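The values are calculated or read from the model by the stated rules, or taken from the named source; none is laboratory data. Fair warning: this is a prediction, and the values are worked out from it, not measured in the lab. All Cβ positions, glycine included, derive from the backbone under ideal geometry; neighbour counts span all protein chains shown.
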Amino acid sequence: MDIVERIIVYRDRSGRSREGREMLADAANEIDKLRGALQRIEQWSDAYPLDMFPEPDLKKAAEVLKANGMTLDAISASCMRHVVEGVGKIAREALELRNLPALGVENNRQQDSGSSQGKQGGPANEG
């Protein structure tokens, strides 16, 4: 049950019950967690400013790479994979539902069995 569904359930139950207050507290905690994830993604989006990392001459870069048996497409795909995997990790962590005692909802998602092990995270995790 997502946050909106929980708030609707609370609204439909007796207004000031202890269970209702606990549900709202859980909802507020979830909102904080999701906001935190969005802030991490937003911070990551500012990690490589143009004044420090100007746009390269992609045509020249493609020529240099081709002369050395590589392609710009392969480099671009590698970079994008890194970014998308990092954003995906942040999103998965934020979307995990752990025990929500007010509703008795337990995490029914299977734990990611290490598929992100060995992959880099955002800028803060880069070496």
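Only one of (1) farther than 26 Å from Glu93 by Cα; (2) assigned to a helix (DSSP H, G or I) is not met by Glu22, so which one is it? Checking Glu22 against (1) farther than 26 Å from Glu93 by Cα; (2) assigned to a helix (DSSP H, G or I), the one that fails is (1). Name the residues in region 6-40 that are modelled with pLDDT of 75 or more and among the β-branched types (Val, Ile, Thr), would you? Result: Ile31, single match. Scanning region 71-94 for residues that are over 30 Å from Arg35 (Cβ atoms), assigned to a helix (DSSP H, G or I) and not small (Gly, Ala, Ser) yields Leu72, Asp73, Ile75. Going by the structure shown, is Val105 within 30 Å of Ala27 (Cβ to Cβ), modelled with pLDDT of 85 or more and either surrounded by fewer than 10 Cβ atoms within 10 Å (Cβ to Cβ) or among the β-branched types (Val, Ile, Thr) (or both)? Taking the combined requirement at face value, the residue does not satisfy it.
Among all positions in region 56-71, there is no residue which is at pLDDT 50 or above, closer than 30 Å to Ile7 by Cα and of a type in the set (S, T, N, Q).
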